Amino acid sequence: MEHKQFVLAINQICEEKGISKEKAMEVVEASLASAYKKEYGKKGQIIKVNFDEVSDDMKVFQIKTVAEENDDEIEDEELEEVTNEEKELKKKFNPDKNITIEDAKKYKKNPQIDDEIEIPLPSKSDFGRIAAQTAKQVMIQKIREAEKEAVFDEFKDKESEVVNGIVQRIEGRNVFIDIGRAVGILYPTEQIVGERYNIGQRLKIYIVKLDKDAKEASLILSRTSPDIIEKLFELEVPEIFSKTVEIKSIAREAGSRTKVAVYSNEEGIDPVGSCVGQRGSRIQTIINELGGEKIDIIEWSDDTGKYIQHALSPAKIARLDINEEKKSAIAYVEEDQLSLAIGKQGQNVRLAAKLTGWKIDILKEEKEKEEKAEKKTEKADGEIEAKEAEKKDNTDDTKEKVKKTKKKDLEKEKKNKKEDEKDEENKKIKDNDEKEAKKNKDKKKSKKK
C-alpha cells in the first residue's frame, strides 16, 4: 500500500469510527508490533513499534524490565519468609523480559530496578500471510476497543438524559435504536405496554446507563422510567428547566396514567398552569410523545391533608381522616365520587398513594351519614318514648283528678238534692199549716154568723 493511500485509509477509519488520529496510530502500531512478533520475534517478548506517518518510517523496539540477575529459584519455605518486594527481586531472571543494570546502561543513563528499557531491533517490511492475518485481527480488535472507548467518553455524561433516536432494527422483542455514534437497546421490560415500533420511527428515549461490558458499547434505554417524564417536562416547560417550578414527585403506570406533583418557588406563578400551557399545548406535546398516556398535574402542598386531596383529583373529597403515626389516611367521598376516587381497577388511589407515600383508603360518606342518622333516630325514638311516658303519666294524673272532681261534683249534687228535698218538704209542711190555719179561720167565721 502506498503511503498516500495508507494515510487516507487511516483518516477514513477515524472519520467513520469517531476515533482520534492519535488513537488510530496507536492501533496501527499495535497491529504492526503483533505482526513483527509473529514473524520475527519469540514467545514472551514485548515488542513496540513507532510509526511515523509522515516519513512512512517504522522503528521497532523490544521492551525489557531492569532486574537483578538471579538464576536460583526460591524454595516455597524461603518464599514465605521474605517480603513481597524481596519476592519480586528474587524471581527467576527471564532474558526475554528482563535486562541487567550493566546491560541497561548501554541504552539508558543511570538505570534503576523495574525501569523499562527500549532495545532497538532491525526494521522489517516483509511479513508473511500469517503475520499479516494476525495484524489484521489485532487492528480490528483495537479499532473496536477504541470505538467503544470513544462512545463511552461521549455518552458517559448523558446518562439520565432524554435523547432522540431512530429505530434501527428489531430482534425478537428487543428494539435497537440508533442515537448517533452508539446503538441503544430497548428491552421488553423498558417498553411501554401496547406501544409498537417500526424501523425508521423517531422516538425520544431515556438513557438508563451505558453498558461498557458488552462487546460493543451499548446504551440501556427506557420508555417506562418515571424520570423520562421529568426530562420531557424540562424540555417543554421553561419554568421547570429554570427551576422556577419544581417537580416534587412522580407516580407512573407507563402507557396508562401518570400523576405529577409540582410546586412553584416564586409567588405569582401557577405551577399547574405553567405545565399545562396555553390551551394545553405543553402537556399535549408530552402526551403525544408518550403515545396518549394520561397525565394528571397536581399542586404539591406541605399540608398533608391538602396534598392527599389534590393527589386524589379529579375526585372531590368530602372528609379526610389522617393517622400521622401509621402514615395512613381515610378519604370519605360522596357516592357519585366513589368510582372516580378509586379509579379503574384502583388505579387513581394507587397512584395517589405512590405519589404521596401514604397509605390511602376510600370510604363512602353515606355510611357515615347513615350511622349518624341511625344514632339520631335512636335518640329521637328515645325522646319520643320519654315524652309518651311523660304524657301517659300526665294522662293518668289527669284522669285521677277528673275522677276526684266528678266524685266531688256527684257528692255536691247529692247534697244539693237532699237540701232541695228538705226545702220541698218544709214548703209542703208550711203550705199544710197555712191551709189548716185558713180552715180554722173559716170555721170561726161560720160560728159567729
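Quick rundown of the values:
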quantity: Members of the range 280-298 that are among the charged types (D, E, K, R), in contact with a strand residue (DSSP E or B) (Cβ under 8 Å, 6 or more places away or on another chain) and either exposed (fewer than 13 other Cβ atoms within 10 Å of the Cβ) or in a helix (DSSP H, G or I) (or both); calculated: E289
quantity: Qualifying residue in the range 208-215 (condition: without any contact (Cβ under 8 Å) to a residue 40 or more places away in the chain, of a type in the set (A, V, I, L, M, F, W, C) and not assigned by TED's automatic domain parsing to the domain that holds E16); calculated: yes
quantity: Residue list for the range 208-256, restricted to those being modelled with pLDDT of 90 or more, under 21 Å from Y187 (Cα atoms) and of a type in the set (K, R); calculated: R223, K231, R252
quantity: Long-range neighbours under 6 Å by Cβ, at least six apart or interchain, first residue without any contact (Cβ under 8 Å) to a residue 12 or more places away in the chain within the range 98-123, second of a type in the set (V, I, T); calculated: K108/I117
quantity: One residue from N84, N98, N11 being more than 30 Å from E149 (Cα to Cα) and at pLDDT below 80; calculated: N84
quantity: Residue in the range 299-320 that is of a type in the set (A, V, I, L, M, F, W, C) and surrounded by fewer than 19 Cβ atoms within 10 Å (Cβ to Cβ) present; calculated: yes
quantity: Residue check for V175: of a type in the set (V, I, T), outside the structural domain of G291 (by TED's automatic domain parsing), within 25 Å of the chain's Cα centre (by Cα) and buried (at least 16 other Cβ atoms within 10 Å of the Cβ); calculated: yes
quantity: Residues that are part of a helix (DSSP H, G or I) and surrounded by fewer than 18 Cβ atoms within 10 Å (Cβ to Cβ), drawn from the range 322-341; calculated: E335, D336, L338, S339, L340
quantity: In the range 1-55, the residues that are under 55 Å from the mean Cα position of the chain (by Cα) and among the β-branched types (V, I, T); calculated: V7, I10, I13, I19, V27, V28, I46, I47, V49
quantity: Single residue of I166, I192 found to be touching a strand residue (DSSP E or B) at 6+ places or on another chain (Cβ under 7 Å) and either more than 29 Å from S34 (Cβ to Cβ) or at pLDDT 90 or above (or both); calculated: I166
quantity: Spans of strands (runs of 3 or more DSSP E) in the range 88-185 with at least 1 residues over 30 Å from E68 (Cα atoms) and in contact with a Leu (Cβ under 7 Å, 6 or more places away or on another chain); calculated: 162-171, 174-178
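The values are calculated or read from the model by the stated rules, or taken from the named source; none is laboratory data. Small disclaimer: the values here were computed from a predicted structure and weren't measured. Methodologically, a virtual Cβ is constructed for each residue, glycine included, from the backbone with ideal geometry; neighbour enumeration extends over all protein chains shown.
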